[in-house]
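A short write-up of the structure that comes next.
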Amino acid sequence: MRNWLICFIMVVFAAHAQTEPGGMMLKDFGKLLGLPEEFSAQVEISAGGEEAAMVMNSRMFVSKSGMRYEMEMPGGFGTMTTLALTEGETTKIYMLSPNQKVYTELPPSPRQVYTEEQYKIDDVGTDTVNGISCQKKNLTDPNGKVISIWLKKGDNLPVKCLLEEKGMQVSMVFKDFKPGKVDPELLKIPADYKKGSPLSGFMNLKQ
């Protein structure tokens, strides 16, 4: 029971983190970094310190209207999909259980929206991540929150992002990054899904 409970807490954590300035970084800071406005990518998410990190493999879809994460749960617990849909200054979060065809709406979170002039970008220098030559940059928001991002030299695409959410260090390593329009159907709750509680859906993720 302890293992699935830890995984459940991590899923909720990841869903909420997507709505924070760090989690929304690739949307909010994209113009400043010259990143594509829409893209998809394989992402390896590590939460916690290096020695005790919990690793989740996921697929990320970013569009103008929001983001979709399809995450593989540690320990073989199945998959969980989260949608973070932006509506003005509010982000609505939905957790979807594909196996059970159940979705849960989490409490909406207000977004902190700043102008480009309020962000600070520092060039840290060059670095190598997984054999890829990168330019490292630190982005600081008006609250002093720092996000480090490594961009591949030559095409300026993200390779790694390091940030802190809820007092926990989160690392995101991007793989198979593909710029391009995202299918709008991916940012919708399927018509055959029923509304349920996150706990009941999670407990039956994998039959």
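The values are calculated or read from the model by the stated rules, or taken from the named source; none is laboratory data. Note that the structure is a prediction, hence the values are computed from the model and not measured. Backbone-built Cβ (ideal geometry, glycine too); neighbour counts: all protein chains shown.
Tabulated results
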{"quantity": "Matching entry among Tyr119, Tyr103, Tyr69, Tyr94 (being in contact with a Gly (Cβ under 8 Å, 6 or more places away or on another chain) and modelled with pLDDT of 70 or more)", "calculated": "Tyr103"}
{"quantity": "When residues of the range 184-198 are limited to those that are assigned to a loop (DSSP other than H, G, I, E, B) and more than 11 Å from Gln100 (Cα to Cα), the one modelled with the lowest pLDDT", "calculated": "Ser197"}
{"quantity": "In the range 149-172, the residues that are surrounded by 17 or more Cβ atoms within 10 Å (Cβ to Cβ) and either among the hydroxyl-bearing types (Ser, Thr, Tyr) or free of Cβ contacts under 8 Å to residues at least 24 places away in the same chain (or both)", "calculated": "Trp150, Lys152, Leu162, Ser171"}
{"quantity": "Cross-chain or 6+ apart pairs with Cβ under 9 Å, the range 179-198 first and over 18 Å from Glu70 (Cα atoms), then β-branched (Val, Ile, Thr) and modelled with pLDDT under 90", "calculated": "Lys194/Val102; Lys195/Val102; Lys195/Thr104; Gly196/Val102; Gly196/Thr104; Ser197/Val102; Ser197/Thr104"}
{"quantity": "Of all residues in the range 145-183 being part of a loop (DSSP other than H, G, I, E, B) and among the aliphatic types (A, V, I, L, M), the one that is farthest from Ser46 (Cα to Cα)", "calculated": "Val182"}
{"quantity": "Meets criteria (polar (S, T, N, Q), more than 22 Å from Met54 (Cα to Cα) and either at pLDDT below 90 or surrounded by 19 or more Cβ atoms within 10 Å (Cβ to Cβ) (or both)) for Thr126", "calculated": "no"}
